[in-house]
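The values are calculated or read from the model by the stated rules, or taken from the named source; none is laboratory data. Keep in mind that this is a model prediction, so the values were computed, not measured. Heads up: the accessible areas ignore ligands, DNA and RNA and are worked out on the full protein's heavy atoms, side chains in. Shrake-Rupley method; radii C 1.70, N 1.55, O 1.52, S 1.80 Å.
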Amino acid sequence: MRLPPEVTVAISALMLGGVSGWLVVALVLAAGEAATGPVGHVDLPPSVSLFLKIVVRNMTVYALLLTGVITWGVTSLSTLVFNGFVLGGLMATSLRGGMPMGTLAALLLPHGIIELGAFVTAGAIGLRGWSIGRRAMRTGRFDVDLTALRYPVGMALAAIVLAAAIESTVTRQLLLAALDAP
């Protein structure tokens with residue numbers, strides 16, 4: 001099965017950002033000493049307020065990804081690279097700080113697969129702005145039917161809400177357990 005070009009570009013942009021973030025943080029941490037040892041007391045907000053904060057943050061990213069439809073894909077591409085960079089940096093920092101790979105995977109995978117899938121979908125939709133803009137420049141008209149995008153936009157939106165629910169409950173509990181572990 002062949003992926004649409006926008007999906008391939010969206011995945012590649014996210015991965016490019018992730019690898020870049022990982023390398024930059026790894027190089028910075030290699031130049032200095034990473035703090036290791038117990039984290040101490042961590043206050044996490046209750047699940048409901050954490051859920052609302054995560055939904056607002058992820059909806060902002062989602063909206064930025066979709067704005068690529070009107071910016072020729074520029075905002076989608078830059079948002080995917082930036083978010084990949086942050087994720088890669090977070091992973092490098094966590095592992096360098098002594099977090100076991102299994103713990104990191106347990107914290108990221110339950111919600112991360114759904115969330116990143118939704119972001120890639122929204123990013124791919126936004127990257128269609130490139131072909132929409134090129135067609136408008138060529139024909140002199142902006143006559144694009146976006147109704148075909150209703151289903152993927154809606155599904156990605158639902159996935160973001162589901163991922164936020166998982167992150168604010170399951171991931172929160174896993175994080176609290178990981179912090180309490182000796």
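Estimated at the nearest 10 Å², the accessible area of residue 113 is 110 Å² with a 1.4 Å probe. Summarise the accessible area of the chain (1.4 Å probe, protein heavy atoms) by the percent that is carbon and sulfur. Summing carbon and sulfur atoms, their accessible area is 73 percent of the total for the chain.
Quick check: from the Cα gyration tensor, does region 125-172 come out rounded (a/c under 1.5), prolate or oblate? Prolate. Phi angles of region 3-18 translate, via the Karplus equation with coefficients 6.51, -1.76, 1.60 and θ = phi - 60°, into HN-Hα couplings of 6, x, x, 5, 5, 4, 5, 4, 5, 5, 5, 4, 5, 4, x, x Hz per residue; Gly and Pro are given as x.
Is region 86-133 rounded, prolate or oblate when judged by the Cα gyration tensor, a ≥ b ≥ c being the square roots of its eigenvalues, rounded requiring a/c under 1.5 and prolate requiring a/b larger than b/c? Verdict is oblate for region 86-133. For the chain, averaging the sequence separation of C-alpha pairs within contact (under 8 Å, six or more residues apart) and dividing by the residue count gives a relative contact order of 34 percent. Each residue was assigned an accessible area with a 1.4 Å probe, and for residue 128 the value is about 90 Å².
Remark: region 68-182 is approximated by an ellipsoid whose semi-axes, taken from the C-alpha gyration tensor as √(5λ), come to 37, 16, 7 Å, largest first. Sequentially through region 64-77, phi angles give Karplus couplings (6.51, -1.76, 1.60; θ = phi - 60°) of 4, 5, 6, 5, x, 4, 9, 10, 6, x, 5, 5, 5, 4 Hz, Gly and Pro residues having no value and appearing as x. Remark: relative contact order (region 104-182) = 53 percent; criterion is Cα-Cα distance under 8 angstrom and separation of 6 or more residues. The accessible-area ordering, largest first, of the residues 137, 15 stands as 137, 15, per a 1.4 angstrom probe. In this structure the chain gives 59 Å² per residue of accessible area when probed at 1.4 Å with all protein chains present.
Accessible surface comparison of 166, 125, 11, probe 1.4 Å, protein chains only, largest first: the order is 11, 166, 125.
Residue by residue, region 161-173 carries 3J(HN,Hα) couplings of 5, 4, 4, 5, 5, 5, 5, 7, 10, 5, 5, 4, 5 Hz when phi is fed to the Karplus relation 6.51 cos²θ - 1.76 cosθ + 1.60 (θ = phi - 60°); x denotes Gly or Pro.
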